[in-house]
Each structure stands twice: as C-alpha cells, then as structure tokens.
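First up is the structure itself, then whatever we jot down about it.
Each value in this text was obtained by applying a stated rule to the coordinates, not by laboratory testing. Predicted model, so just to flag it, every value in this text is computed and none were measured. Cβ: placed from backbone, ideal geometry, glycine included. Neighbour counts: every protein chain shown.
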Amino acid sequence: MSETFYGSDFDALQAFDPDIAGVLLSELARLRGGLQLIASENMSSPQVLTALGSTLSNKYAEGYPGRRYYGGCAEVDKAENLAIERCTALFGAEHANVQPHSGASANQAVYGAFMSPGDTFLAMSLPHGGHLTHGAKVSFSGRWFNAVHYGVDKDTEDIDYDEVERLAKAHHPKVILAGGSAIPRLIDFARFRAIADEVGAILWVDAAHFIGLVAGKAIPSPVPYADVVSFTTHKVLRGPRSGGIICTAEHAAAIDKAVFPLMQGGPQMHTIAAKAVNFKECATPEYADYARQVIANAKVLAATLGEHGIRPTTGGTDTHLSLHDLQPVLVTGMEAEARCDAAGITLNKNAIPFDPQKPNVASGIRVGTPFVTSQGMGSEEMTIVGDLIARAVTTGSSDPDDAVSKDIRGQVTELIGRFPAYAR
Ligand code: DSN
C-alpha cells in the first residue's frame, strides 16, 4: 500500500471489524467461485475500486465545479471536470451531468427537468421489458405522473413501433421514453425521434443497460437522436455503481438544476472520480474489443440455450443480454433460478412478454455476458456455459447437495478456474 493513500487498507478493516471484513472476503469468494450471468452486473477494475475507496468520500461539494456551496473543493472539482470532459468526449454529447447517484436517481432528475406532477409520458411497460422507474404504479414515476405504456408485438416480441405512434398521437405525452431492462434487440432511435417530433414530445432514452455497448462503438448511439439520455455506470460500462445523464446543450441547465438541488444533495465525489477513471478505460481500443465480444458471446449463449429448447424471445439478441422462455421445458423462472444457483450459476428469473405467471414466479430467465466477458471468456466458453445452464434448468435441483447440482458445480469450477475473476 502507498504510504500516503488511506483507502483500501484491508488489514486495518480486518483488525477493527472482522465481521464486515468477512463479508467482503466471502462476497469476493462468491464472485470468484461461480458463473456470474446477471445482465446488469460486471467486474469493475481495481483502479475504479481504488477511487471508490478513497478520501474523496469525505468531501461535501454541493453545487458544480467552480460554483460550490462549500470551501475546499478545488481537488474534487478537478475530478468532476475530468469526468464531465471524458463523458462528453466518449459519447459525443453536448453536456454531461455525472452527479446522479444511480440509474433511478438519474431518471428522477429527468422527470424533474421536463415534467410536473400529473403530466403524461409514454414508456415501455415493465412486463414487456421496461423498468420500475418508467411508470410502474409502485414507483414514484407511476404515482406522480400519468404513465401510458407501450409493449412488444406478439409475433416479433420486439417493440411495437406502430403502437408507440398510435399512443403518442392519442395521448400527446410530454416525454417519450425508450429503453428498459430486458430488451434484447436494438432500439430504432430514428423511429422514436420521428414519433416524438410528430407530437412535439421530448425524446428520452434510458440507456442504462446498453450504454457500455455504445461507449465501445459496438451498437448505434442514441445521442444523435435523443434530447436526453440517462444511464448507469456499472453494467456493460464496467464502472462504479452509479448513474449519469447526457443531453443537448439546450437542456443542460434544466438537467443540472434537476439533479441538484431538485433531487439530490451532496454529490459522491469518490464515485465521480471512479466514473472519470471508468470513462478513460472505455475510450481505449481494448474496451471496444470487449464491447464487441460481449455481444458475440451473448449471441452464442442465446443460440446454445435455444438448441436445448430454452427459447430466446425475439429469436436471439443484438446486445449483451437474452431473455428466454422456459415454457417449452416446463420449468418456471423461479425454479430455474434456484436450480442454477445450486449449480454455481447466478442469473435471474424474468417475466417474458405476455407472461402467464406472476412476476415473482415468471416464465423466463434473463442472461447476460458482461461479467464473463470481462473474465476473458469467448464464444467457445459460451457454448459450455449454455450447456451447463440448460442441464441445470432441465435436469437439476434447487438442492446444492443433489448429485446433478454437484456435478455441474464441478464443471463450473473447472471453467472459471481457467478465467479467474479478480485473479490473485
Ligand atoms: N435492476 C437492474 C437490472 O437488473 O436490470 C435495472 O435497474
């Protein structure tokens, strides 16, 4: 450890609080000891983790660089300015706000910038792949605003753009929102822009899931089309657990005022520094290779599961995730998640469009490749991973002591042994 750096002193933590030190170690062992396939998770770098564990966490810095409500902000101003410069350069955006604490906080700010309570907006429905903060009744977004929802087409299982247009013309929303948390296909931003222009709505893209693929230039960017793009920094992007917003210059002041002081107080300067580190990482050719490999891996994984009868909705994926219908193999999402868990494979149950099951049971699973690709796995390994998931789902047990669970766990251990996460 550097003499002058006081973050990440694990020995001191272990001496003072062995309980929490134990949790940190056992979580690391969990990450290292299984296959991580949750589409929204990744393995951030030691550099990012170091910035997160730094003394910047101590600093109050309400306001923006050069315009703070506290003294002593010269150093954290440097970190925030770097994060802003790197973020706007990475995405070719006119303005960036790097202060949102999370994706949900970023989304709150976007509502605050463009809408008042009672206003109407149009967004994808949660059961068809949207997000809680896109107007679900249990979220502030559904309680304080009038959410109108579009879904996917029954045959293609992809966004029903004709329905989006019809609903936009019928309801004249102030904002049209594109994006969600279980959308395997590319979104047609040009079509959304055209619909928004037809009804005079703001076009907002929630790019939380796929912003990392945009950063790596592996898929088209929403930036040329959207008025505002909200995102998280910890999914494919592989940064700290946090959020951000990019927008056109026209909306910069409204977004900044909505993040602070409307929705948030003091920004987390350690996290902002970690975002700056992450944006620098994402500008490298290595990261672009990574983003392309994430998609290549997701395609192989989706196809392999499909060969085992675990049907990918929409027929496959263009992104980092695929959504699978388990009805053909007569297993629920809840049971599949438990069986995979017992076999050392972490993934999540997920509602599929037109799902007959309740959300906490669900007929599907969602799998994503950001984490395993960060470990260095490629297409060959995705075939093995698909075979292992299929075996766990169709013949496994939720009992970790079951012979099949143990056997699959052994194969998982062999595979991850060749691609260690956070190698010693
Ligand atoms: N909970 C995240 C996901 O898993 O997609 C979205 O917020």
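Looking at this model, which pairs from Lys217/Lys299; Lys137/Lys358; Lys235/Lys280; Lys78/Lys280 are more than 19 angstrom apart at the alpha-carbon?
Numbers: Lys217/Lys299 17 Å; Lys137/Lys358 16 Å; Lys235/Lys280 16 Å; Lys78/Lys280 15 Å.
With Cα atoms farther than 19 Å apart: none of Lys217/Lys299; Lys137/Lys358; Lys235/Lys280; Lys78/Lys280.
A full extension of the chain between Tyr6 and Arg166 corresponds to an added length of 51.9 nm, given 0.36 nm per residue minus the alpha carbon distance.
For region 12-102, the relative contact order works out to 12 percent when only alpha carbon pairs closer than 8 Å and six or more residues apart are counted.
Positive end of the dipole of region 6-130 (Cβ unit charges, origin at the Cα centre): among Met43, Ser125, Ala15, the Cα lying farthest that way belongs to Ser125.
I want the local charge near Ala342. Using Cβ-Cβ distances under 13 Å, sum +1 for each Lys or Arg and -1 for each Asp or Glu among the other residues. Neighbourhood net charge equals -3.
Restricting the calculation to alpha carbons of region 189-326 gives Rg and Dmax of 17.3, 52 angstrom.
Grab the DSSP H runs of the chain that are 4 residues or longer, score each as -39,500 (n - 2.57), total them, divide by all residues and round the 222 nm result to the nearest 500 deg cm²/dmol. It would help to have the intermediate numbers written out before the result.
Details: 16 runs with 183 residues, N = 424.
Value at 222 nm, helices only: -13000 deg cm²/dmol.
Using the count of nearby Cβ atoms within 10 Å as a rough guide to exposure, how do His95, His320 rank from fewest to most?
On the way: His95 19, His320 27.
Ranked by crowding around the Cβ, least crowded first: His95, His320.
Based on the reciprocal of the average 1/r between different C-alpha atoms, the Kirkwood radius for the chain equals 22.3 Å. Report, to one decimal in Å, the Kirkwood hydrodynamic radius for region 314-398 based on all distinct Cα pairs. Here the Kirkwood hydrodynamic radius works out to 13.1 Å.
With neighbours defined as other Cβ atoms within 10 Å of a residue's Cβ, the residues Leu237, Leu25, Leu167 order from fewest to most as Leu25, Leu167, Leu237.
For region 372-419, state the average projected area of the convex hull of the C-alpha atoms over all orientations, rounded to one decimal in nm². Display every interim value, and only then the final one.
Numbers: hull surface 13.1 nm².
Projected area, direction-averaged: 3.3 nm².
Normalised by the number of residues in region 53-108, the average gap of Cα pairs under 8 Å and 6 or more apart makes the relative contact order 20 percent. Measuring spread by the Cα atoms of region 37-175 yields a radius of gyration and Dmax of 19.3, 59 Å.
Once you sort the root eigenvalues of the Cα gyration tensor of region 118-228 as a ≥ b ≥ c, which label holds: rounded (a/c under 1.5), prolate (a/b larger than b/c) or oblate (the other case)?
Details: a/c = 1.39, a/b = 1.27, b/c = 1.09.
Verdict is rounded for region 118-228.
The relative contact order of the chain comes to 21 percent, based on Cα pairs under 8 Å that sit 6 or more residues apart.
The orientation-averaged shadow of the Cα convex hull for region 1-63, equal to a quarter of the hull surface, comes to 6.5 nm². For region 260-417, the alpha-carbon coordinates run over 50, 37, 33 Å along the three principal axes, in decreasing order. Taking the chain as a Gaussian network of alpha-carbon nodes connected by springs under 10 Å, the highest mean-square fluctuation of the residues Gln268, Gln14, Gln375 belongs to Gln14. Sorting Arg241, Arg166, Arg424 from the fewest to the most surrounding beta carbons within 10 angstrom yields Arg424, Arg166, Arg241.
Computed over region 66-134, the P(r) tail beyond 15 angstrom holds 69 percent of alpha carbon pairs.
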